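Please treat every number below as a calculation from the coordinates, not as lab data. Treat the numbers as computed from the prediction; the structure is a model and nothing was measured. Virtual Cβ from ideal backbone geometry, glycine too; neighbours counted across all protein chains shown.
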């Protein structure tokens with residue numbers, strides 16, 4: 001440490017900052033590079049026979065390096081190379097106007113709206129269930145088994161039924177997708193919040209009793225704030241689950257729009273590169289959503305005096 | 001004390017209080033036939049080994065537990081009504097502050113619950129924080145304070161709504177000797193200036209003798225009172241009093257009481 005950093009501890013010297021960045025991101029970068037290297041090797045191995053057979057069918061002479069080059073830019077590879085996926089992703093994002101049917105931004109927005117609405121519905125439902133369960137032992141016994149049962153049925157089987165039934169009563173488009181998404185994501189929130197609402201220290205509950213606080217006051221001034229760490233832990237799980245729910249819900253609609261639709265049409269027509277680009281879009285979306293929840297959490301935590 | 005306690009109003013009148021628990025190992029007599037009278041303005045210590053029912057007695061008075069039999073009047077009403085009327089402030093062994101609230105907001109919590117006006121909350125938070133010498137810590141969060149400071153906040157919080165009684169359950173039990181001595185002196189000051197009735201549960205003989213006007217010695221299995229010792233040191237006593245023969249005589253009597261309660265046991 002230099003003398004200037006001793007006298008001014010708030011101002012870090014650039015070398016210290018760089019050091020911290022290196023320390024933080026070096027392991028991540030190493031992992032990413034290693035994965036990309038493995039991916040390239042796998043792309044060569046998996047696409048090799050495909051490319052070689054194509055050369056042989058056309059009866060053109062070829063060398064090993066020709067085949068090698070072919071595995072890197074095949075039109076419909078078994079496993080597209082990383083740069084092909086990234087190109088397709090960048091092209092999908094920037095290559096078209098944002099609302100064009102081939103734009104990844106358009107499809108992401110379609111999925112995002114169902115995800116966010118589903119997440120909000122699921123959070124509302126999950127928290128309400130937790131409140132009911134915490135306030136009544138009878139409800140705990142009668143509701144909890146059903147809540148757990150609801151998650152044992154695979155959503156892939158349920159989604160078409162939901163879409164058909166909701167379609168029959170005139171609900172189409174965004175809402176059915178959001179309901180499937182909410183159906184999946186309310187679960188971790190309900191379970192997390194039951195834990196959170198019952199997490200206050202017994203002494204704190206007794207203190208409220210000595211002040212003869214009403215049960216509403218106990219809820220707002222003690223149970224809610226105590227449940228906040230549990231809330232954010234379950235929201236982070238729930239937001240990714242609701243994205244998965246929204247994507248799955250797009251599959252039985254016949255693939256009109258959304259990331260799910262891109263995945264479906266990609267696999268129908270063997271457009272593996274499109275498929276992978278849609279996967280990348282889903283991953284980016286999920287990371288962004290978790291990031292937003294994390295940011296809100298940090299804001300709330302600092303207001304609640306976390307250290 | 002110069003004034004005669006008997007002439008004052010009684011704030012606690014317990015008659016033949018018993019409390020039994022049914023546990024997996026059978027019946028436990030937490031309290032057996034306990035009768036006790038506490039006058040307004042007294043400082044009463046409950047002392048005895050673990051399981052003697054001293055904490056249970058305090059909890060019964062606070063209506064946190066209900067006796068199996070006997071009659072109890074707190075501040076002239078039933079224990080439940082006294083609790084609903086917010087007749088006492090309770091201080092636990094742990095500060096039990098709310099970690100997401102600043103010190104000031106912790107102090108305001110009972111006031112918010114009881115519906116005090118914003119301005120009154122502010123005035124009281126200021127008054128009681130300075131009473132426990134914590135002015136300037138309003139915006140700090142509990143984790144930024146030492147254990148002793150946190151316990152002072154919880155005492156200020158218990159006093160903030162100006163209850164008739166202060167019930168303290170080993171409030172300094174988790175603190176080290178030096179902090180404890182210091183807080184004992186401060187508590188004595190507080191008692192003198194607020195003229196509250198204090199009920200104080202402790203393990204420590206010197207603490208009990210130093211603070212109290214009345215020491216209730218209790219014994220376990222079944223939990224009962226075996227001696228009540230009056231203790232009248234001058235109000236402006238300091239810690240040095242613990243070296244005087246009078247102090248040692250009372251401490252000896254407490255110790256004898258505790259020993260007698262133990263003799264048939266083990």
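Before moving on, here are some points about what is shown:
- Across peptide B:108-116, the average count of Cβ atoms from other chains found within 10 Å of a residue's Cβ is 4.
- Every pair of different Cα atoms in the range A:170-213 enters the Kirkwood calculation, which places the hydrodynamic radius at 13.4 Å.
- Computed from Cα positions, the angle between helix A:82-94 and the longest principal axis of chain A comes to roughly 70 degrees.
- Gaussian network model of chain A, springs between alpha carbon atoms under 10 Å - residue of A:125, A:94, A:197 with greatest fluctuation: A:94
- Per residue of A:256-262, other chain Cβ atoms within 10 Å of the residue Cβ number 0 on average.
- Neighbouring Cβ atoms from other chains, within 10 Å of the Cβ of residues in A:195-205, number 2 on average.
- Highest average packing first - B:58-64, A:158-164, Cβ atoms within 10 Å: B:58-64, A:158-164
- The protein assembly as shown - convex hull of alpha carbons, volume per residue in Å³: 268
- In the distance distribution for the range B:142-237, Cα-Cα pairs more than 16 Å apart total 59 percent.
- Across chain A, the mean sequence separation of Cα contacts (distance under 8 Å, 6 or more residues apart), normalised by length, yields a relative contact order of 20 percent.
- Rounded to the nearest 10 degrees, the angle from helix A:272-303 to the longest Cα principal axis of chain A is 30 degrees.
- Cα-based shape type of chain A, given that a ≥ b ≥ c are square roots of the gyration tensor eigenvalues and the cut on a/c is 1.5: oblate
- Per-residue Cβ neighbour counts within 10 Å put A:115, B:194, B:102 in the sequence B:194, B:102, A:115, beginning with the fewest.
- Among B:27, B:180, B:221, residue whose mean-square fluctuation peaks in a GNM of chain B (springs only between Cα atoms under 10 Å): B:27
- Among B:118, A:59, A:256, a tally of other beta-carbon atoms within 10 Å of each Cβ gives an order, fewest to most, of A:59, B:118, A:256.
- Rounded to the nearest 10 degrees, the inclination of helix A:14-57 to the longest alpha-carbon principal axis of chain A is 40 degrees.
- Protection proxy ranking of B:136-143, A:78-85, B:199-206 - average other beta-carbon atoms within 10 Å, highest first: B:199-206, A:78-85, B:136-143
- Selected from A:72, A:46, A:31 as most flexible by GNM, with chain A as the system and alpha-carbon contacts under 10 Å: A:31
- Estimated inter-spin distance, residue A:63 and residue A:38, nm [label 7 Å along Cα→Cβ]: 3.2
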